[in-house]
Ligand SMILES: Nc1ncnc2c1ncn2[C@@H]1O[C@H](COP(=O)(O)OP(=O)(O)OP(=O)(O)O)[C@@H](O)[C@H]1O
C-alpha cells in the first residue's frame, strides 16, 4: 500500500517534467553513475592494497592505482557535464510548473476565487513548488546515487563472499523496514505542516490587504495573535517531525553499530581461521558500510521525499481544477420577441451559490438601447449577484439571460465580456504606470486615444500635474493615488474599452465632494450612448433613470421610474425617505451636456 502510493506519487512528480524527462534522467544517471562507481570501486582498491601489503605482489598495487585513477578521471570529467544537464532541466521544469499553475489560476471560474483564500493559492505557488524543486534537484539525485551504489555494493559483496553477503543484506533490510515505518508518520506531519504554512500565508496576506483597517482599529495585537497561533502550530509540527527524525537517527545508529561490530568480530574470526583473506574482510566491511549507509539514506530520503510528494500531489490536484467553460449553455430558451428590442435582458432568473440556496428567485429585468436602469434594494438583496451573472462569473441556474438580443449561450464568455465595461465600487489599479493601467481597456490603443479617454474621464489634468505624468507609477493597488483619482483612471480605462453595455457599482459615497463632482462628470462621459445598469446606493443619483428595480431577498419587489415608485409608497419610497433625512444632497447620475442622450 505504502510502496504503491509512493510509486504513484513519484510517477505524478515525474509526469510534470513532460518533455524534459529524458534529458533530466540522462543528466541524473550520468552524474549518479560517476559518483556511485567511485564509491563501489574504492573497497576493491583497499582490498588490493591490503593484499599487496601482505603478499608484496606488484600487480595488485598497479591494479589498485589504475582503478583509482580511472574512477577519479571518469568522475571529474563526466560529472560536471551531466550535472549541468540535470540542473538546467530542473530550473526549466520548475519555471514551467510555476507558469502552468499561474495559467491555470487565470482560467479558473470566479467561484474558485470566492471559495479559496488568496493566501492558500500563494502558498501553492510558493511552498509547494519549492518542495517539488527540492525533490527534482536534491532528493531524486540522492535516490539515484543510493540505488546505483546499493546495486554496485551488493554485487560487490556477493563477488567477495556470497554467504557473508546474504547475512549482511538481511541486517541491512531491517534498516530499510524501520525507516519505512517512520516515513509514514513523518509524511502525516509533513502534510499538516504544509497546511499550517498555508494558513500562515493566509494570515499574512490578510494583514497586508487589511492594513488600513488594522491601523485604524488598533488590531495589531489581534492579527499578531492570529499569526502567532498559525506560526506556533507550524513550529509544533516541525518539533514533532524533529522528534521523529531524532528517534530514527538513534535507531539507525544502533542497527548500524550492531551490524558493523558483528561483521568486524565474526570477520576477524574467519580471517584467523583462514576462511577468508584480510583483503576480503577490509573490502567487505567497506561494502557493508556502504550498503547500510545506502539503506539509511534511502529511509531518510524517502521520508523527506514524502513532503515533496505531498506538495506535488497538491499541485497536480490544482492543475486538475475544472476550468471556466468557454460558454454557458442557456438554462432555458427565451422568447425571441421580448429580447429583440432590449440590449440586456434577464428573464425569470434563479441563482444560488450552492445547490441548496437561492440568492435570486425569478428575477426579470430589461434595459433598452441607450437607457439607464438602476438596481437598488436592501443589503444582501442580490444586486452584486445580478452583476456577477451579467459578467459571466456564474451561469444562472434557471431562466435566461441575453445581451444585444442574443441569449448568452450564443456567445463565448470572452465575447460576452467584450460587450461589457464594468466599473466596480473600488477601482483596482495594477502596479505599473498610469498609461499602462488605462491601456488595459484596449491594449492596442494609440497614445492619442489614451489621452483622449483620460480627458473624457476628467483625469488628464491631474495626471499631467503628477511628476512623471502618464508614466507615474500607481503603487500596489494604486496606493499612490487618491480614491477619486483611481476611480477616474478606471473610468478612462472603461471609456477606452468602448463596450456598448456599461455596468456600474456606484462608488461616490466613499469620495469627498470635489472628487465626487469629477467622478460624476467622468461617469457621465462614460455613459454617453451606452446601455447602463447601475447599482445605486444613494437614490438621489438615479432620479432620472429609465427604470429602477428594487431587489429584496433575491426578488424584484418593485419596478418603475423614480416618481412612480415614490407614488407606490412601498419599499423604495421608504428607503428614499430614510436617505433624504440623513444624506447630504448628491448630484444626479446624468451627463452634464446632454442628459437626454443617456436615458
Ligand atoms: N460568493 C458567495 N458565496 C455564497 N454566498 C454569497 C456569495 N456572495 C454573496 N452571497 C450571498 O448572496 C446574497 C446576495 O448577496 P449580494 O452581494 O448579491 O447582495 P447585495 O444586494 O449586492 O448586497 P450589498 O448591497 O450589501 O452589497 C447574500 O445573502 C450573500 O450573503
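The values are calculated or read from the model by the stated rules, or taken from the named source; none is laboratory data. None of these values were measured; they are calculated from a predicted model. Quick reminder, even Gly has a Cβ in these numbers, built from the backbone with ideal geometry, and neighbours come from all protein chains shown.
Numerical summary
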| quantity | calculated |
| --- | --- |
| Checklist (1) touching a helix residue (DSSP H, G or I) at 6+ places or on another chain (Cβ under 8 Å); (2) surrounded by fewer than 17 Cβ atoms within 10 Å (Cβ to Cβ) applied to residue 362, failing item | (1) |
| Hits in segment 521-564 - residues which are part of a strand (DSSP E or B) and more than 16 Å from the ligand (Cβ to nearest atom) | 531, 532, 547, 560 |
| Count of residues meeting criterion [within 16 Å of the ligand (Cβ to nearest atom), more than 29 Å from the chain's Cα centre (by Cα), surrounded by fewer than 17 Cβ atoms within 10 Å (Cβ to Cβ) and not in a loop (DSSP other than H, G, I, E, B)] in segment 374-423 | 0 |
| Pairs where the first residue, in segment 375-400, is more than 20 Å from residue 571 (Cβ to Cβ) and in contact (Cβ under 8 Å) with a residue 40 or more places away in the chain and the second is within 13 Å of the ligand (Cβ to nearest atom) and assigned to a loop (DSSP other than H, G, I, E, B), C-beta under 8 Å, 6+ apart | 388/394; 393/109; 394/109; 394/353; 397/352 |
| Residue in segment 364-372 that is within 9 Å of the ligand (Cβ to nearest atom), at pLDDT 90 or above and within 24 Å of residue 539 (Cβ to Cβ) present | no |
| Residue in segment 124-131 that is surrounded by 14 or more Cβ atoms within 10 Å (Cβ to Cβ) and either closer than 30 Å to residue 417 by Cα or within 16 Å of the ligand (Cβ to nearest atom) (or both) present | yes |
| Filter result for residue 352 (over 36 Å from the mean Cα position of the chain (by Cα), surrounded by fewer than 22 Cβ atoms within 10 Å (Cβ to Cβ), within 16 Å of the ligand (Cβ to nearest atom) and modelled with pLDDT of 90 or more) | no |
| Any chance residue 345 is closer than 30 Å to residue 525 by Cα, modelled with pLDDT of 90 or more and either away from the ligand (no atom under 13 Å from the Cβ) or in the same structural domain as residue 550 (by TED's automatic domain parsing) (or both) | yes |
| Verdict on residue 284 being over 46 Å from the mean Cα position of the chain (by Cα) and within 24 Å of residue 158 (Cβ to Cβ) | yes |
| Contacts under 7 angstrom Cβ, first residue in segment 1-22 being without any contact (Cβ under 8 Å) to a residue 12 or more places away in the chain and assigned by TED's automatic domain parsing to the domain that holds residue 82, partner in a helix (DSSP H, G or I) and surrounded by 15 or more Cβ atoms within 10 Å (Cβ to Cβ), 6 or more apart | 21/14 |
| Residue pairs meeting the criteria (Cβ under 6 Å; at least 6 apart or on separate chains; first farther than 17 Å from residue 379 by Cα, in segment 533-559; second within 13 Å of the ligand (Cβ to nearest atom) and modelled with pLDDT of 90 or more) | 533/503; 542/374; 545/374; 559/549 |
| From 201, 228, 175, residue being assigned to a helix (DSSP H, G or I) and either surrounded by fewer than 19 Cβ atoms within 10 Å (Cβ to Cβ) or without any contact (Cβ under 8 Å) to a residue 24 or more places away in the chain (or both) | 228 |
| Residue check, residue 304 part of a helix (DSSP H, G or I) and at pLDDT 90 or above | no |
| Any hit, segment 424-445, residues being assigned to a helix (DSSP H, G or I), more than 16 Å from the ligand (Cβ to nearest atom), under 19 Å from residue 106 (Cα atoms) and touching a residue at least 40 places away in the same chain (Cβ under 8 Å) | yes |
